[in-house]
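Peer 1: This is the structure I have questions about; it appears just below.
The values are calculated or read from the model by the stated rules, or taken from the named source; none is laboratory data. Bear in mind the structure is a predicted one, so any value in this text is a computation, not a measurement. In this analysis, Cβ positions are derived from the backbone assuming ideal geometry, glycine residues included, and neighbour counts consider all displayed protein chains. For accessibility, only protein heavy atoms count, side chains too; no ligands or nucleic acids. Shrake-Rupley method; radii C 1.70, N 1.55, O 1.52, S 1.80 Å.
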Amino acid sequence: DTIRDTYNPNYTWAEQRSVQFLYTRNFVGGWGMNANYSWILTDSFRTRWNPTSDQLQFYGIQPQDVTENMTTPHNHARVSTFVKLPFDMTFSAFYIYTGANRVNVITGKAALGASAPTVTLSNGRVVSDPFFNITYPVALKYDANMLTADDSHLVNIRLAKDLVFPGGRRLTVSGDIFNLFNVAASTGFLSADIRSSNFGLPTSYVQPRVGQFGMRFTF
């Protein structure tokens with residue numbers, strides 16, 4: 001970094017603050033649970049532009065305009081539990097909540113895929129203009145115009161039964177259901193560029209409900 005910073009100093013830094021709550025109850029008894037909740041704030045800061053490499057400065061965007069403090073915090077929660085049932089059966093469940101992702105809406109001066117004009121360098125080389133069609137926030141400021149994805153709620157359950165054989169051998173038969181309520185949340189977008197035909201189209205869907213049957217023999 002010492003070598004790099006002589007010609008490309010870093011004028012940005014990020015900060016992440018979180019509050020986390022944990023709760024555990026009787027995880028070695030006939031029932032138990034483990035719960036976790038996190039409230040997360042993510043910020044990024046810029047003090048000034050690098051005069052040679054930061055392209056947004058040429059569009060009249062100020063360093064403070066790309067300071068990002070996400071208008072809504074990130075929320076994450078997990079709960080897992082198990083209950084011992086008669087006949088050597090165990091029921092367990094797992095729930096995870098993920099707060100909605102937010103994305104800055106961006107645009108540019110020309111159409112997507114437009115051919116860049118050429119420029120001639122001081123050594124006579126002709127190259128494509130690297131400053132052509134730079135993307136930037138629609139509002140020329142972060143967090144002012146954003147897309148919001150879906151919250152994600154995912155519940156998995158399992159029912160298992162142990163069959164004990166002589167000599168310490170054990171057969172465990174289990175059945176799982178993942179995404180019990182078949183939640184179809186979308187956690188992202190194909191494109192955040194307002195010029196794109198895929199702008200704002202949901203993607204990264206939570207996997208649909210599936211079942212699984214398993215057997216494990218221990219000897």
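Peer 1: Is it true that some residue in the range 131-138 is within 30 Å of Gly30 (Cβ to Cβ) and among the polar types (S, T, N, Q)?
Peer 2: Scanning the range 131-138 turns up no residue that is within 30 Å of Gly30 (Cβ to Cβ) and among the polar types (S, T, N, Q).
Peer 1: Find the residue count for the range 102-119, including only residues that are open to solvent by less than 80 Å² (accessible area, probe 1.4 Å) and closer than 26 Å to Met70 by Cα.
Peer 2: Matching residues across the range 102-119 total 7.
Each row is one residue, and each column tells you yes or no for (1) under 30 Å from Val173 (Cα atoms); (2) of a type in the set (Lys, Arg).
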{"position": "Asp43", "(1), (2)": "no, no"}
{"position": "Gln57", "(1), (2)": "no, no"}
{"position": "Gln64", "(1), (2)": "no, no"}
{"position": "Phe87", "(1), (2)": "yes, no"}
{"position": "Lys109", "(1), (2)": "no, yes"}
{"position": "Arg125", "(1), (2)": "no, yes"}
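Peer 1: Out of (1) modelled with pLDDT of 90 or more; (2) in a loop (DSSP other than H, G, I, E, B); (3) open to solvent by 40 Å² or more (accessible area, probe 1.4 Å), the odd one out for Ser53 is which?
Peer 2: Only one criterion in (1) modelled with pLDDT of 90 or more; (2) in a loop (DSSP other than H, G, I, E, B); (3) open to solvent by 40 Å² or more (accessible area, probe 1.4 Å) is unmet by Ser53, namely (1).
Residue-wise test of (1) modelled with pLDDT of 90 or more; (2) outside any strand (DSSP E or B).
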position: Ala35; (1), (2): yes, no
position: Ile61; (1), (2): yes, yes
position: Thr72; (1), (2): no, yes
position: Arg78; (1), (2): yes, no
position: Lys109; (1), (2): yes, yes
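Peer 1: Continuing with the same structure: Given the condition touching a residue at least 24 places away in the same chain (Cβ under 8 Å) and within 18 Å of the chain's Cα centre (by Cα), answer yes or no: does some residue in the range 43-63 qualify?
Peer 2: yes
Peer 1: A further question follows. Just to be sure I understand the filter: pairs with C-beta atoms under 9 Å, separated by 6 or more residues or on different chains, first member in the range 9-36 and without any contact (Cβ under 8 Å) to a residue 40 or more places away in the chain and more than 15 Å from Ser92 (Cα to Cα), second member assigned to a loop (DSSP other than H, G, I, E, B) and open to solvent by 100 Å² or more (accessible area, probe 1.4 Å). Which pairs pass?
Peer 2: Asn10/Asp1
Peer 1: Give me the residue from the range 82-101 that is within 25 Å of the chain's Cα centre (by Cα) and either polar (S, T, N, Q) or open to solvent by less than 60 Å² (accessible area, probe 1.4 Å) (or both) and, out of that set, farthest from Met33 (Cα to Cα).
Peer 2: Restricting to residues being within 25 Å of the chain's Cα centre (by Cα) and either polar (S, T, N, Q) or open to solvent by less than 60 Å² (accessible area, probe 1.4 Å) (or both), the top hit is Asn101.
Peer 1: To continue, here is another question. If you go through the range 175-190 one residue at a time, do you hit one that is in contact with a strand residue (DSSP E or B) (Cβ under 6 Å, 6 or more places away or on another chain), closer than 13 Å to Phe217 by Cα and of a type in the set (Gly, Ala, Ser)?
Peer 2: No.
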